[in-house]
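Everything below concerns the one structure shown next.
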Amino acid sequence: MAEMYTNKTTFFANTATAYITDDTGDTYTLGVLRDCEVTVSFEHVPLYGMSSILREAVAKHSAKVDIKVKFAKFDPTIANDFFTHVLDPTQYVAAGKMMDTNTVETFTFSAEIRSYDTVPKKFSVVVTGCYIESLPLLTLTENEWIARDMTMVGSNITIKNTSI
């Protein structure tokens, strides 16, 4: 039974870090991560024939990568610059006001966790073509740390598992 676990690696979520990079190459660290979830999903189309109740084939389309992240302890200057890109993707000036445009800023989201092995490994994901569905500007709860919940949808993902 122990042989089953010889090549397995143990990861602890508290080692996670996450970043967002805009199309100019500026990278923003998402402070102290509280929660992070990256899910790849597809639309599936099954094929059934009239002569059988069993599925004959299945195809997939419309892939997307859903990202939900909650973070705290952020640099307000960086957060302002980052949020300004979302509010007004036509300009890279920290104006801080929403513009009447249907242009969407896209980002690259990356996250990584480290293992607790004698030779540590790093598991990382990089999601490209991300757009932000809603902007988490301010949520205040009495006697709580201020945290921001953000959801994004990406178009592609790369997964890596490397030794550190």
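Total residues in the stretch 92-138 satisfying the condition of being among the β-branched types (V, I, T), more than 24 Å from K160 (Cβ to Cβ) and loosely packed, with under 11 Cβ neighbours inside 10 Å: the figure is 3.
Among residues belonging to the stretch 37-51 that are farther than 22 Å from K64 by Cβ and surrounded by 10 or more Cβ atoms within 10 Å (Cβ to Cβ), point out the one that is farthest from the chain's Cα centre (by Cα). Top of the filtered list is G49. Pairing each residue of the stretch 2-15 that is within 29 Å of L33 (Cα to Cα) with any residue that is at pLDDT below 80, provided the two are 6+ apart or on different chains, yields C-beta distances under 7 Å for T9/D117.
Output the number of residues of the stretch 105-124 satisfying the condition of being within 13 Å of I20 (Cβ to Cβ) and in a strand (DSSP E or B).
Selection size over the stretch 105-124: 5.
Working only within the stretch 135-158, note down all residues that are part of a strand (DSSP E or B) and among the small types (G, A, S).
Looking only at the stretch 135-158, we keep the residues that are part of a strand (DSSP E or B), and these are 147-154, 156-158.
A147, G154 - these are the residues of the stretch 135-158 that are part of a strand (DSSP E or B) and among the small types (G, A, S).
The values are calculated or read from the model by the stated rules, or taken from the named source; none is laboratory data. These figures come from a predicted structure and were not determined experimentally. Glycine gets a Cβ as well: all are built from the backbone with ideal geometry, and neighbour counts include every protein chain shown.
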